[in-house]
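Here the structure is laid out as structure tokens; the discussion comes afterwards.
The values are calculated or read from the model by the stated rules, or taken from the named source; none is laboratory data. Because the structure is a prediction, the values reported are computed rather than measured. As a convention, Cβ positions derive from the backbone with ideal geometry for all residues, glycine included, and neighbour counts pool all protein chains shown. Calculation scope for accessible area: heavy atoms of the full protein, side chains included, ligands and nucleic acids excluded. Shrake-Rupley method; radii C 1.70, N 1.55, O 1.52, S 1.80 Å.
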Amino acid sequence: MLDFLIAIVTFTAIYAVVSLGLNLQWGQAGLVNLGQVAFFAAGAYTAAILARAGTPFPLAVLAGMVVAALLGALVALITPRLREDYLAIVTLGFAELVRLILLNEKEIGNGPSGINAIPQPLHELFSANYPLFFAFLTVAALIVVYLFNERLRRAPLGRLLRAIREDESVVASIGKSVLAFKVETFSLGAAMAGIAGAFYAAYLTFIAPEMFTASVSIYVLVAVLIAARGSNIGTVLGAVFVSVLLEGTDFIKDYIPFGTGVQIAAVRIIIMGVILMLVVLARYRKVVEG
Amino acid sequence: MSADALREPATILEVRSLSKRFGGMQAVNGCSLRIAAGSITGLIGPNGAGKSTVFTLISGFLRPDVGEILFDGHRIDGLPAHRVARLGLVRTFQTPRELRELSVLENLMMVPRPQFGESLVGVMLLGSRRVRREEQEIEKRALEVLRTVGLDHQARRRAADLSGGQKKLLEIARCMMCQPRLALLDEPTAGVNPSLINDLVEMIRLLHAGGVTIVIIEHNMNVVMRLCEHVIVLDRGEVMCEGTPEQIQRDERVLAAYLGSVP
Amino acid sequence: MSELIRQYLVSAIVIASAWAPTAAGISLIYGVLRYPNFALGEFMTLGGYLTLGLSAGFGMPLPLAALIAVIAAGFVSLAVDQTAFRAVRRAGILPPILLSLGLMLILQNVVRAFWGNGAWQLDLPLTRPYDWLGFVITPYQLMCIAVSVLAIGASYMVLLRTRFGKAVRALADNPDLALVSGIEPEPVYAGVAFMAGLLSALGGVLLGLQSVLTPLMGWDSLLPAFAVAILGGLGNLMGAGVAALIVALAGEYSLLFVQSSYKSAVAFVVLALILIVRPAGILGGRS
């Protein structure tokens with residue numbers, strides 16, 4: 001049971017970091033991103049490949065972060081004038097493109113079979129309690145990212161991002177480059193997903209393209225949507241909810257006599273879909289009536 | 001150059017045969033005009049004459065199809081809006097565009113540029129003396145501007161909760177906060193009650209007294225008469241005539257254009 | 001080599017026949033209700049699997065099973081539109097996008113819960129392919145093309161000739177004007193939702209006829225179908241038909257240069273280029 005709890009904490013912290021990245025982009029600056037999983041995958045693959053080549057963990061995390069950030073900057077640079085709906089389509093498609101590349105380009109990460117035996121940091125020091133140590137490490141990363149986001153929200157930069165979310169043309173009319181701030185914010189949010197990806201790879205010691213489907217982007221969307229708009233603590237709680245629903249109900253299958261593993265997994269995702277729709281209805285119906 | 005400047009007031013803005021088409025409509029059609037530095041110029045004309053479009057083109061929010069725009073002798077057509085604003089050419093919006101979820105004070109505090117606190121290093125050093133002092137200075141200036149326009153008691157309110165007239169004031173306040181060299185004011189008194197119109201006229205005079213050249217789109221001829229030393233009349237996307245307000249009021253073509261536009 | 005190129009042409013026309021109805025559904029919703037509905041790919045999946053369930057499970061003849069399946073999918077789409085999407089009609093473009101993502105998860109996993117992750121095949125008697133001047137095509141592939149052309153043609157006539165169609169076109173062209181001129185929008189929206197669900201499901205049935213059913217068949221067709229809908233011009237059904245061919249040809253001939261699993265990536269690149277270069281669409285799109 002304790003092992004299970006430790007696993008949940010680790011997953012939650014990883015999901016929370018990805019969600020905080022999306023919250024920075026979407027919750028604070030209003031940038032639609034339905035492809036957060038692409039940056040998560042970029043971080044995971046970069047860190048995994050480097051770790052297998054003998055790179056120390058902190059450097060692998062840093063590299064995962066940088067690659068994800070560059071990819072994020074690229075997406076933001078080619079889409080600055082796109083309307084919200086087009087941005088939704090392009091980001092969703094971009095993530096699928098990244099997944100297809102990972103699937104097809106075998107020299108990157110062995111295609112569908114993925115990368116295994118990813119080294120874990122300081123594994124020999126904590127042989128027995130390793131999962132606990134790694135959970136602490138992940139939560140520490142979450143705290144750092146959380147504090148950064150909170151600081152940004154209270155800083156003049158946070159004020160400016162909210163201004164961009166409200167009305168881009170006002171920000172342009174006073175002489176500030178909306179594009180520069182959008183690229184910076186989008187790439188920061190992507191960098192956070194990259195950090196989380198690096199931790200994810202080290203935690204599981206195995207990654208494959210099938211782990212990085214569009215569903216992951218939608219799960220973190222749910223976590224951000226559950227939170228009040230732009231709230232960081234709300235986003236973390238949203239991530240707790242999402243990961244408990246996804247991973248925490250895993251033990252149920254031992255107690256339910258009916259249903260195959262596939263069916264239980266499917267039901268879980270159906271519940272996620274229903275919750276997403278209910279949250280959207282609860283939030284935006286008020287807008288219409290009010 | 002200095003000899004020219006002695007003979008006639010320097011031109012701060014020059015527009016040469018500007019044109020812009022939207023689908024089947026020629027919104028601006030070979031419009032040319034000059035704005036003298038330090039003046040208050042009125043831009044009037046019937047609805048649909050292309051006044052707002054001219055502002056939008058000058059301020060870089062739209063690219064003209066044809067034509068040149070010179071600010072202070074430098075070509076600015078084709079520059080993105082924020083680059084134009086950085087040169088000191090700032091526009092206001094006809095429908096106030098307050099940042100709704102920000103406080104009135106924050107609406108002004110986000111204006112100064114550059115802000116160390118808006119950089120990533122500034123975020124990391126949020127509690128530092130440098131960021132704190134910068135914020136204090138910006139806040140002080142923002143409060144001064146709010147006092148000037150009479151919104152200082154509303155400083156902490158959400159901008160969305162302001163009345164329509166107060167939002168117009170905030171629009172002017174944002175422009176003041178920018179400290180521009182040339183301000184394009186798009187109908188600053190439209191839809192405002194008469195007593196507030198007097199206040200707004202005073203504020204525009206204050207802005208002007210601070211050394212800002214002003215071009216103002218205005219339907220209220222009374223306001224035009226009180227403020228402007230020069231008036232340009234636009235009709236169907238081109239300049240129909242220009243002169244002093246008195247000359248314009250006597251011009252029969254102007255009368256005809258306005259009457260023609262009345263349904 | 002030239003035989004390969006010929007066969008690519010056949011494959012392209014065949015796959016286009018499955019994408020076209022789905023893209024028409026996307027195009028209708030995007031053009032009239034004005035949001036990209038990401039769940040419409042899953043209506044393909046739903047249509048395919050319902051046909052499978054009715055024919056294999058209840059022993060219905062395939063055409064009847066397919067007919068009932070696509071109509072049922074139309075009603076599912078209608079029901080979701082009335083219960084969920086209707087509530088956020090005037091809340092902007094983001095809420096319906098998010099709703100469609102939730103619906104996407106639900107539909108895909110309902111199918112997975114009933115039929116599992118594996119591939120299924122519709123029970124088709126074996127036939128001999130025709131060989132016509134070196135173009136090899138099976139009778140089922142021919143049937144797919146015929147049904148697709150008929151479906152697009154019929155939908156087009158509905159939009160052209162009926163009062164409902166007139167209202168649809170008015171709302172797509174200029175909603176403000178349409179509302180002022182007294183068109184009651186809600187019944188039109190309901191009709192569009194029904195039609196979109198039905199057409200997408202039909203695309204799924206046609207896809208099932210030409211290959212296998214998997215829970216991911218709708219997702220894999222989503223990006224190509226969006227590329228087709230946007231390339232064809234939103235609300236333009238004939239445009240969708242033509243664009244389906246273009247996107248399918250681009251996908252097939254890309255096989256000369258890249259691996260086959262990149263087909264939907266080719267569609268995405270086409271799509272991204274269209275959006276970035278010409279947001280209004282290419283074939284007679286509105287601005």
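Angle, helix B:164-178 long axis vs. longest principal axis of chain B, Cα atoms, 0 to 90°, nearest 10?
Orientation of helix B:164-178: about 80 degrees from the principal axis.
Which whole-number percentage describes the relative contact order of chain C, with Cα contacts under 8 Å and a sequence gap of 6 or more?
Values: 468 pairs, mean separation 105.0, N = 287.
Answer for chain C is 37 percent.
Taking only protein heavy atoms and a 1.4 Å probe, what accessible area per residue, in Å², does chain C have with all protein chains in place?
Values: 11790 Å² over 287 residues.
The answer is 41 Å² per residue.
Quick one: buried accessible area between A and C, total over both chains, 1.4 angstrom probe, nearest 100 Å²? Could you put the intermediate results ahead of the total?
Details: alone 14560 and 13730 Å², together 24420 Å².
For chain A against chain C, roughly 3900 Å² becomes buried.
Report, in whole Å, the centroid distance computed from the Cα atoms of region C:166-208 and region A:26-101.
If you average the Cα positions of each part, the centres end up 36 Å apart.
When the dipole is taken about the Cα centre of chain C, and only Lys, Arg (+1) and Asp, Glu (-1) are charged at their Cβ, what size is it in debye, to the nearest 20?
Numbers: 14 positive and 11 negative charges, 95 e Å.
Approximately 460 debye in magnitude.
For a quick check, take a GNM of chain B with Cα springs below 10 Å and name the residue from B:183, B:27, B:160 with the largest mean-square fluctuation.
B:160
For peptide A:242-248, how many partner chain Cβ atoms fall within 10 Å of a residue's Cβ, on average? Working shown, then result.
Numbers: counts 0, 0, 0, 0, 0, 0, 0.
Per-residue shielding by partner chains comes out at 0.
Scanning chain A for helices, which whole DSSP H stretches are 27 Å or more long along the axis (Cα) and average 1.0 or more by Kyte-Doolittle?
Numbers: long enough: A:2-22 (30 Å, 2.14); A:57-78 (32 Å, 2.60); A:84-104 (30 Å, 1.22); A:130-154 (36 Å, 1.09); A:178-204 (39 Å, 1.34); A:261-289 (42 Å, 1.59).
Qualifying helices: A:2-22, A:57-78, A:84-104, A:130-154, A:178-204, A:261-289.
Roughly how crowded by other chains is peptide B:99-106, in terms of the mean Cβ count from those chains within 10 Å of each of its Cβ atoms?
Working: counts 9, 2, 6, 7, 1, 0, 0, 5.
Mean shielding count: 4.
State whether region B:139-222 is rounded, prolate or oblate according to the following rule on the C-alpha gyration tensor (a ≥ b ≥ c being the square roots of its eigenvalues): a/c under 1.5 gives rounded; otherwise a/b larger than b/c gives prolate, and the remaining case gives oblate. Intermediate values should be presented prior to the final figure.
Details: a/c = 1.89, a/b = 1.14, b/c = 1.65.
Verdict is oblate for region B:139-222.
Could you work out [θ]222 nm for chain B from helices alone, using -39500 (n - 2.57) per DSSP H run of at least four and dividing by all its residues? Round to the nearest 500 deg cm²/dmol. Walk me through the intermediate numbers first.
Values: 11 runs with 106 residues, N = 263.
The helix contribution divided over chain B gives -11500 deg cm²/dmol.
What is the packing order of peptides A:154-160, B:215-221, taking the mean over residues of other C-beta atoms within 10 Å and listing the highest first? The partial results should precede the final answer.
Numbers: A:154-160: 22.3, B:215-221: 20.7.
Most protected by this proxy first, the peptides run A:154-160, B:215-221.
If you average the sequence gap of Cα pairs under 8 Å that are 6 or more apart and divide by the length of region C:33-80, what percent do you get for the contact order? Numbers along the way, then the final one.
Numbers: 23 pairs, mean separation 16.5, N = 48.
RCO, region C:33-80: 34 percent.
Keeping every protein chain present and rolling a 1.4 Å probe, give me the accessible area per residue for region A:2-289 in Å². Don't skip to the answer; put the middle values down first.
Values: 11030 Å² over 288 residues.
The answer is 38 Å² per residue.
In a GNM of chain C with a 10 Å cut-off on Cα contacts, which of C:200, C:260, C:148 has the highest mean-square fluctuation?
Of C:200, C:260, C:148, the Gaussian network model singles out C:260 as fluctuating most.
If you take every DSSP beta bridge whose two residues both sit in the protein assembly as shown, what share of them, in percent to the nearest 5, is antiparallel? Display every interim value, and only then the final one.
On the way: 26 of 42 bridges.
Counting only bridges with both partners in the protein assembly as shown, antiparallel ones make up about 60 percent.
Loop-only check: which trypsin sites (Lys or Arg not before Pro) in region B:146-176 are DSSP coil with at most 11 other Cβ within 10 angstrom? Walk me through the numbers before you get to the answer.
On the way: sites: B:147, B:156, B:157, B:158, B:167, B:168, B:174; in loops: B:156, B:157.
Sparse-neighbourhood loop trypsin sites (Lys or Arg not before Pro): B:156.
Could you tell me the relative contact order of chain A? Use alpha-carbon pairs under 8 Å, at least six residues apart, and round to a whole percent.
On the way: 428 pairs, mean separation 107.7, N = 290.
In percent, rounded to a whole number, it is 37.
Helix B:194-209 sits at what angle to the longest principal axis of chain B, using alpha carbons and giving 0 to 90 degrees rounded to 10?
That helix lies at roughly 80 degrees to the long axis.
First compute the accessible area of region A:2-289 with a 1.4 Å probe, then give the percent of it belonging to carbon and sulfur atoms. Could you put the intermediate results ahead of the total?
Numbers: 7490 of 11030 Å².
That share works out to 68 percent.
As a test of the definition: with a 1.4 Å probe, what buried accessible area, both sides summed, do you compute for A against B, in Å² to the nearest 100? Walk me through the intermediate numbers first.
Working: alone 14560 and 13680 Å², together 25670 Å².
When A and B are taken together, about 2600 Å² of accessible area is lost.
With a cut-off of at most 14 other beta carbons within 10 Å, and DSSP calling the residue loop, which chymotrypsin sites (Phe, Trp or Tyr not before Pro) in region C:23-87 qualify? Please list them. Spell out each step's value before the answer.
Details: sites: C:30, C:38, C:43, C:49, C:58, C:75, C:85; in loops: C:38, C:58.
Here the chymotrypsin sites (Phe, Trp or Tyr not before Pro) that fit, given the DSSP loop and packing criteria, are C:58.
In region C:95-110, which residues become less accessible by 40 Å² or more once every protein chain is in place, relative to the chain on its own, using a 1.4 Å probe?
In region C:95-110, residues shielded by partner chains: C:98, C:99, C:101, C:105, C:106, C:109.
Using only the Cα atoms, work out Rg/Rh for the protein assembly as shown, with Rh taken as the Kirkwood radius, to two decimals.
Details: Rg = 30.3 Å, Rh = 29.8 Å.
On the Cα set of the protein assembly as shown, Rg over Rh gives 1.02.
For helix C:139-161, what angle does its Cα long axis make with the longest principal axis of chain C, in degrees from 0 to 90 and rounded to 10?
For C:139-161 against chain C, the angle is about 20 degrees.
Using a 1.4 Å probe over the heavy atoms of the protein chains, calculate the carbon and sulfur portion of the accessible area of chain B as a whole percent. Mind dumping the intermediate values first?
Values: 6280 of 12450 Å².
Roughly 50 percent of what the probe reaches on chain B is carbon or sulfur.
Highest GNM mean-square fluctuation, chain B, Cα pairs closer than 10 Å: which of B:41, B:148, B:189?
B:148
Quick one: which bits of region A:97-134 get at least 30 Å² less accessible when the partner protein chains are in, versus the chain alone, with a 1.4 Å probe?
With the partner chains in place, region A:97-134 has these residues losing at least 30 Å²: A:97, A:100, A:104.
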